[in-house]
Structure formats: C-alpha cells, structure tokens
Amino acid sequence: MDLQNYVNGKWVDARDGSRFDVFEPATGEVLATAPDSKPADVDAAIDAARAAFDTGPWATMSERDRARILLRAAEIARREHDRLVEMESRDSGKPLEEAKHDIDEVAFMFEYYGGWATKIHGDIPPVGPGAMSLVVKEPVGVAAMITPWNYPMLMAVQKVAPALAAGCTAILKPAEQTPLTALEIPKILEEAGLPPGVLNVVTGFGETAGHPLVVSPKVDKVGFTGSLEVGKLIMKNGADTLKRVTLELGGKSPNIVFADADFEHAIQGTCDGIFGNQGEICSAGSRVFVERSVYNDALEQMVAVAQAITMGGSLEPDTTMGPLVSKEQQERVLSYIAAGKAEGARLATTERTVTDERYRNGYFVPPTIFADVNNNMKIAREEIFGPVMSVIPFDDVDEVTRLANDTNFGLAAAIWTRDIGKALRTAKAIRAGTVWINDSQPAPTEAPWGGYKESGIGRELGPHGIEDYLETKHIYINIER
Ligand code: NAI
Ligand code: MG
C-alpha cells in the first residue's frame, strides 16, 4: 500500500518522491509506505489551507452547510466502521475491541461538532447608554494539527472536527508510525462535500514535516498531542510567530484505591487504566496508590488480572493486549522495566512473551507490575507509555494527596472509594484536568479534556474544544451619531 498526501483536494507524492516504511507492530513487517514530506510539501499544504480560508469557499460558506458536511461525515465514518477498525488495529497494534471504541467515537465527534457548528455565538455586553458592543466569535484561521500514534484517528478527528466547525481550515500531520487512518479523514470529508484546500494531510517526520507548520507565519494555530519534550519545543519554536498552541502532553496519573472501595471493581478498573491500549495512554493510571490495610490483597488480585491478559496479534479475536506501536517504543518501555529493577522495585508479574510463531517479531511487552515502589523512583516520575504499573502503599488521605500531587504532570487521576465525601475532598485536592471517581479513563466527547501543570495547555473535547479554534472580536458602535 503506497499512501499519498492530500493537498488542495488532490492525492500527491512528496515532491522529491521519497517515502518511508510503516510497520505492522504485531509482525514487524512493512504494512505500507508513506510520503516523507519535506518543507516544500508542507508549504504547499499551508498555501492551500491559507487560500481556502482567506478567499476560498470555506470562509463564505454558511454555518448550516458546514454543519451538514460534518454530519454527513459521521454517517460515512459509520458506514466505513469495520474497515477503519481493522486498519487502525493493524497500524497501531491495539486490539480490535479497542479500535472499535475509537472509530465509534470518531463518528460521534463528527456528529457532536457538526451540531456545534450552528451554535457558536458571541454576546452583547452593556457598555453605557451611548454605545453598543457586539462580541463576535471568529475562526482562528489556518490550524495545524500534529498528532500521535496511540489513538491515531481519534486524536486527529478530536482536532479536525472542532476546527472545521469553528470555520478554520487545516493541515494535519499524523504520527509517522501510524498514518493510515489519518488519510481516511479527507476521503470521508471529501465525500461529505468538503471543498478542496480546507483539510490537507501530509505525512512525514517531526523535524521535516511537523516543524515547518510550527514556524510558518501563515499558520495561526497549532494543536499538538504527544510528548512533553516536543510540546515544549513547539511552544518555543512557535513563539516567533506568536502561534496559538493547544498542547496535550503526557502524564503520570495517580490511581488511588481506598480500603473502603468496591474492591473487585476497583481492582479491575485500576488494571484497565494501565493495561488498556497496551498502556499507551496519556492519562494511564501508572502510579497506583493502595491503602495499606488492603495493599497485599490488592496486589495479589492485580497480579492475577495482569497474568490473565492474553497478549497476541491485534487482529486475533481473543487478544486483550496487542504489541506496542514500534520497536523504538518497545525498547523504551523495556528500558524502564530494567530501571525499575535496578532501583529496587519488586517485580510482581512474570516476564512472559508471545509464543505464536507468526508474531515472533512483534513489539510485545507483557503487563508488568512493580510492587513496593517509592514515588521518587524513575518509574514513578517519568512517563513510560507502556503496560507498566507502579504500586505504592499509603496510610491516609493527606499522605496520598501529597504523593499524588508530587509530580510535574497533572492530566488525570482516579479515586476508588464508597465514601463520597472522601472522594470529593480528594478530587478537589488533586491538581489534574480530569478526576475519575470509581472509574478510570472515560473521556467522553461532550466533556473537556486537558492537563494542569506540564500535562498541557488548553482543552480539547466538549464546547471547550471549539474555544481554542476561535478568536474573539469586539465591535463597538457609537449609537449617538
Ligand atoms: P513525539 O512527541 O515525538 O511525537 C508526536 C508527534 O509530534 C508526531 O506526529 C511527531 O512526528 C511530531 N513531532 C516530533 N518532533 C517534532 C518537532 N520537532 N516539531 C513538530 N512536530 C514534531 O512522540 P514519540 O517520540 O512518538 O513518543 C515519545 C514519548 O512521547 C512516548 O513514550 C510517550 O511518553 C509520549 N507520548 C505521549 C502521547 C500523548 O498522548 N500525550 C502520545 C505519543 C507519545
Ligand atoms: Mg519523538
């Protein structure tokens, strides 16, 4: 499969003809090749988006028509559901069940933001008897989206749908590891009636295809999801053109199990929160704090859950954990497991592997639990982005809130208890963008998503997800003349 860029409504190769390989994580084999786009390719996409915004059909199209395109896109995504699920699963390594959830949510995002497209409005503040003020909301302009590989289509549509609803035009640069489903987005939108140039997709690497978007004076905004390191770079590199940035970065999210929790539910939810999607989740509950009186029981049961997980090829129906996305990510996670052992954390799970011959070159890492972890260890401080849980005992609410907040991140937290007062006191005390009580990981499209501290800037999803694609204009009218 030779993929192409989508620029100004046309499918094109990189100008110098260069391509890179995209691997299937379960087998390590080449799944596709994609254009290795360079600054000239990216500039062409920026020019197309700029023209579509400044003079093209998008700027003059009614909100109703924009809404209809997004609503039609939802229907087309549903029609293509099974094909997209298989593609996403193959490309990213996630099990089919998890890919189904992603694609369902993708379709709903088109629908949800299609609904918003006709409901974005400003207001009229009082400014005295002699004047009237109109506060109007306008699209921020040309928006660039730089997206990661853990939820490839979801993370892209999470940006594209609100941006289009707001009236922006866009350039999407998907992660080099997983470009397949990103290139399905313009196919869906084109069929739904999107004019050329409004959404452009270029594949390639961060420094050559992502960076030109960040520094271009013709791009008004960058929406980024990915590593803390690259998030900081984007802020720095975007400063010269005062780029608006939305950053959704990593986490080291605490998962707090109190002794009075619904025990089985808490154990299963805690495990899902770090072993789901192979642990490649920005909000993974990677630091598990357990109240000391139930610590040994909880550990024993979490190890049982981890050992019962079936690792295998992502398309196999009985697989509950697939491979990590890349060889590089597999090695990174394995190096953290080595660091945990070296620091003296106790490895509580067995180091198993996948025995099926077909997957012997897959990028697997087994579900891993470290017990008796100290919050100062490297495995408790740095984002691992793999199926590695660190379990830490605690004695009371004050201690656990202090430990939970003792991190530079602030994306999410989960609290498990039957005591609603304690749950809410703890939720208020934790500095994080999302706090789950008796659950872990739901991120419904209708509610805001984003980080405190070094987990990010801005919010995606919900009505907040549109705000970041809007400017606010004040029109002042002297009514005495
Ligand atoms: P990354 O942050 O390098 O990649 C994310 C996106 O940024 C990709 O599209 C990439 O091409 C692009 N990019 C990279 N360098 C860039 C630059 N200089 N300018 C513009 N765009 C650039 O993430 P990577 O290297 O794939 O993964 C490393 C670690 O990042 C993971 O182990 C994990 O800890 C974290 N991560 C967090 C994610 C999240 O959801 N918050 C998603 C992916 C990774
Ligand atoms: Mg990187």
Condition check for residue 242: outside the structural domain of residue 437 (by TED's automatic domain parsing) and either farther than 30 Å from residue 171 by Cα or away from ligand 1 (no atom under 16 Å from the Cβ) (or both): yes
Within segment 147-188, considering residues that are over 19 Å from residue 30 (Cα atoms) and assigned to a loop (DSSP other than H, G, I, E, B), the one nearest to ligand 1 (Cβ to nearest atom): 148
Meets criteria (in a loop (DSSP other than H, G, I, E, B), loosely packed, with under 14 Cβ neighbours inside 10 Å and either touching a Leu at 6+ places or on another chain (Cβ under 9 Å) or at pLDDT 95 or above (or both)) for residue 355: no
Cross-chain or 6+ apart pairs with Cβ under 9 Å, segment 166-181 first and free of Cβ contacts under 8 Å to residues at least 40 places away in the same chain, then part of a loop (DSSP other than H, G, I, E, B): 172/147; 172/202; 174/147; 174/148; 174/149; 174/180; 174/202; 174/203
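Every residue, every condition in (1) assigned to a helix (DSSP H, G or I); (2) more than 13 Å from ligand 1 (Cβ to nearest atom), yes or no:
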{"residue": "190", "(1), (2)": "yes, yes"}
{"residue": "196", "(1), (2)": "no, yes"}
{"residue": "203", "(1), (2)": "no, no"}
{"residue": "209", "(1), (2)": "yes, no"}
{"residue": "212", "(1), (2)": "yes, no"}
{"residue": "219", "(1), (2)": "no, no"}
{"residue": "235", "(1), (2)": "yes, no"}
{"residue": "247", "(1), (2)": "no, no"}
Residue 305 being within 27 Å of the chain's Cα centre (by Cα), part of a loop (DSSP other than H, G, I, E, B) and in the same structural domain as residue 393 (by TED's automatic domain parsing): no
Segment 322-350, residues that are in a loop (DSSP other than H, G, I, E, B), more than 12 Å from ligand 1 (Cβ to nearest atom) and under 29 Å from the mean Cα position of the chain (by Cα): 322, 323, 349
Any hit, segment 431-453, residues being buried (at least 18 other Cβ atoms within 10 Å of the Cβ) and in contact with a His (Cβ under 9 Å, 6 or more places away or on another chain): yes
Every residue from segment 235-293 that is out of contact with any helix residue (DSSP H, G or I) (no Cβ under 7 Å at 6 or more places or on another chain) and among the basic types (Lys, Arg): 236, 244, 292
Of all residues in segment 279-302 being part of a loop (DSSP other than H, G, I, E, B) and among the hydroxyl-bearing types (Ser, Thr, Tyr), the one that is nearest to ligand 1 (Cβ to nearest atom): 283
Residue match in segment 104-125 (condition: more than 17 Å from residue 88 (Cβ to Cβ), at pLDDT 95 or above and in contact with an Asp or Glu (Cβ under 6 Å, 6 or more places away or on another chain)): yes
Enumeration of residues in segment 221-230 that are within 10 Å of ligand 1 (Cβ to nearest atom) and either surrounded by 24 or more Cβ atoms within 10 Å (Cβ to Cβ) or outside any helix (DSSP H, G or I) (or both): 222, 224, 225, 226, 227
Qualifying residue in segment 84-98 (condition: within 29 Å of residue 470 (Cβ to Cβ), in contact (Cβ under 8 Å) with a residue 12 or more places away in the chain and polar (S, T, N, Q)): no
Every pair of residues 6+ apart whose Cβ atoms lie under 6 Å, when the first sits in segment 197-226 and is farther than 22 Å from residue 16 by Cβ while the second is part of a loop (DSSP other than H, G, I, E, B) and within 16 Å of ligand 2 (Cβ to nearest atom): 225/147; 225/148; 226/148
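The values are calculated or read from the model by the stated rules, or taken from the named source; none is laboratory data. Values in this document were obtained by computation on a predicted structure and should not be read as measured data. Cβ atoms come from the backbone with ideal geometry, glycine included; neighbour counts cover every protein chain shown.
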